[in-house]
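The next block holds one structure in the form of structure tokens; read it before the comments.
All of the numbers you see were taken from the coordinates with simple rules; none came from a lab. Keep in mind it's a predicted model, so treat the numbers as computed, not measured. Please note: Cβ atoms are built from the backbone with ideal geometry, for glycine as well, and neighbour counts cover all protein chains shown.
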Amino acid sequence: MPGSVEIIFRPFIAFILLWVFVHLLGKQTIAQRTYHLYIASITMGTLAGNLAFNIKINFLYPIIAIIIMGSVVFILNHVAVRNPRFGKWIAGEPVALIQKGQILQESMQRMGYSLDSLKQALRGKDIFNLEEVEYAILEINGSLSVLKKTQYQNTTKQDLPLLSSAETVPIEMVYDGKILYENLSNQTYDDKWLMAELKKRNLSVFDISYAVVGTKGNLYIDLFRDQINARP
């Protein structure tokens, strides 16, 4: 094959092989989530680079090497998924660096993680004080997962004594002697509840100009003027 044709053909083949490699192993290859995927990504990139541009190397050698490396990584992925015990050895496992607010010096030394590196990673999580951290776990992809102590955690809706929308917004139930059924369809207070309340007060819907349920579930009624004058 002429050199000019080969230099065009080689990058195309290298791209196709890497594209197949990534698709077979999944998107986790791009993120380099584990040790073996990190090593495989570097190796495959080097092999593909030599295949694409180093015409001094036999054309078939990098291709064979890429196929062998891809097969090895594919088998390792399969074993890691099927057998969790071997999976920890192949892919690694998360390591706690801070537990119950205490820095685990032994884990830090074993992972080669300095205190400055820990503080830098925490600042990336908007944490500038080690005293705020309850747990910090170094994940297998090198990222740091952090759980703050309870007093430093952000407040959520579940933490606030908020009332439901049915309790915080007044509900208009009757207007001009007519029940507003569209306002009752999604509310706690239905037409049966309304009729029971009116019965307690010896009233009918036709006597009412305006009726609304307040924020505390109380029914407020405004009668027609003639009904007001007629009541003793």
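Results, tabulated for the structure shown:
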quantity: Coil-residue trypsin sites (Lys or Arg not before Pro) of segment 72-105, DSSP, other Cβ within 10 Å capped at 14; calculated: Lys100
quantity: Segment Asp191-Glu172, length gained on full extension (0.36 nm per residue, minus Cα span); calculated: 5.7 nm
quantity: Partners for Lys178 among aspartates and glutamates (Cα-Cα distance below 19 Å; same-chain residues under 8 apart left out); calculated: Asp190, Asp191, Glu197, Asp207, Asp222, Asp226
quantity: Extreme residue, positive dipole direction of segment 61-156, given options Phe128, Gln105, His78 (C-beta unit charges); calculated: His78
quantity: Segment 59-105-segment 111-128 distance, computed between alpha-carbon centres (Å); calculated: 24
quantity: Radius, Kirkwood style, for segment 61-101 when every pair of distinct Cα atoms is counted (Å); calculated: 12.2
quantity: Computed Kirkwood radius, in angstrom, where 1/r is averaged over Cα pairs of segment 50-118; calculated: 15.7
quantity: Cα-based Rg of segment 5-152 normalised by 2.2 N^0.38 Å, two decimals; calculated: 1.38
